[in-house]
Amino acid sequence: MNKHVPQRTCVICRTKKDKNDFLRLVKIDGKFIFDKEKNKQARGFYICKEKECLLRVSKHKKINISSEEMYKMAKELEKINTEERYIKILNVLSKSDSLCFGMEMTFENQKKLEMLIIAKDVSQKNKEKLIKLCADKNIKYIEVATKEILGKFFGKESINVIGIMDEKVANGLKTL
Ligand SMILES: [Zn+2]
């Protein structure tokens, strides 16, 4: 099902994209503030989640933004970039036998697990189960993307978790 997402334009490069693909700034009392949740009631300005556009914002004559606000946006970009790196790597690895996916397969393979990738929108109950599993096995987990995004790698509608069963792959992911 395609949800309708309103289109916005980057104030810097004029690219049109979904609202969700931008960082939002609002102008309040003449000052520009980063609107992380995109819900502040003020005139909004949209900026691509790209280093290039962010750099140009910081130098823009008409956009008067404090370095504190710039720092917050840069942090956000860093988070996105890390997540994108994970997603790219998982996409490449999805066909390899070093991964298992879904609750059932993950618990079946628990002896071999080196690390877990847990979707951010997994239910509280499943999250607790998975975190307990990590504690029992003394392995790391990270929370990345959504069940739907993780599911796509394996041709499923949605999956809760990906288990990494290869030490080298797990170590590689940990350094991202
Ligand atoms: Zn842009």
Is there a residue in segment 132-143 that is within 16 Å of Asn91 (Cβ to Cβ) and out of contact with any helix residue (DSSP H, G or I) (no Cβ under 8 Å at 6 or more places or on another chain)? no
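Would you be able to say whether some residue in segment 88-106 is at pLDDT 90 or above, out of contact with any strand residue (DSSP E or B) (no Cβ under 6 Å at 6 or more places or on another chain) and surrounded by fewer than 12 Cβ atoms within 10 Å (Cβ to Cβ)?
We begin by selecting, within segment 88-106, every residue at pLDDT 90 or above; these are 99-106.
Still in the running and out of contact with any strand residue (DSSP E or B) (no Cβ under 6 Å at 6 or more places or on another chain): 102-105.
Checking which are surrounded by fewer than 12 Cβ atoms within 10 Å (Cβ to Cβ) leaves us with 104.
Yes, because at least one residue in segment 88-106 is at pLDDT 90 or above, out of contact with any strand residue (DSSP E or B) (no Cβ under 6 Å at 6 or more places or on another chain) and surrounded by fewer than 12 Cβ atoms within 10 Å (Cβ to Cβ).
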In segment 62-101, anything of a type outside the set (A, V, I, L, M), touching a helix residue (DSSP H, G or I) at 6+ places or on another chain (Cβ under 7 Å) and assigned to a strand (DSSP E or B) is listed as Cys100
Looking only at residues in segment 44-61 that are touching a residue at least 40 places away in the same chain (Cβ under 8 Å), of a type outside the set (D, E, K, R) and assigned to a helix (DSSP H, G or I), which one is farthest from the ligand (Cβ to nearest atom)? Val57
Test result for Ile80, among the aliphatic types (A, V, I, L, M), within 15 Å of the ligand (Cβ to nearest atom), under 30 Å from Phe153 (Cβ atoms) and out of contact with any Gly (no Cβ under 7 Å at 6 or more places or on another chain): yes
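Table: residues versus (1) charged (D, E, K, R); (2) surrounded by 12 or more Cβ atoms within 10 Å (Cβ to Cβ); (3) not assigned by TED's automatic domain parsing to the domain that holds Met165.
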{"residue": "Val11", "(1), (2), (3)": "no, yes, yes"}
{"residue": "Asp18", "(1), (2), (3)": "yes, yes, yes"}
{"residue": "Leu55", "(1), (2), (3)": "no, yes, yes"}
{"residue": "Lys79", "(1), (2), (3)": "yes, no, yes"}
Note on segment 35-53: residues modelled with pLDDT of 90 or more and under 18 Å from the mean Cα position of the chain (by Cα) are Asp35, Lys36, Glu37, Lys38, Ile47, Cys48, Lys49
Could you list, in sequence order, the residues of segment 2-43 that are more than 9 Å from the ligand (Cβ to nearest atom), in contact with an Asp or Glu (Cβ under 8 Å, 6 or more places away or on another chain) and not aliphatic (A, V, I, L, M)? Pro6, Gln7, Arg8, Arg24, Phe32, Phe34, Lys36
Ile89 - would you say it is in contact with a Leu (Cβ under 9 Å, 6 or more places away or on another chain), more than 15 Å from the ligand (Cβ to nearest atom) and either under 27 Å from Leu150 (Cα atoms) or not polar (S, T, N, Q) (or both)? yes
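Within segment 22-43, which residues are assigned to a strand (DSSP E or B) and touching a Gly at 6+ places or on another chain (Cβ under 8 Å)? Full working, then the answer.
Start the filter on segment 22-43 by keeping residues that are assigned to a strand (DSSP E or B), which leaves 22-28, 31-34.
The answer is Arg24, Leu25, Val26.
The values are calculated or read from the model by the stated rules, or taken from the named source; none is laboratory data. Computed from a predicted model, the values in this text were never measured in an experiment. Glycine also receives a Cβ, built like all others from the backbone with ideal geometry; neighbour counts cover every protein chain displayed.
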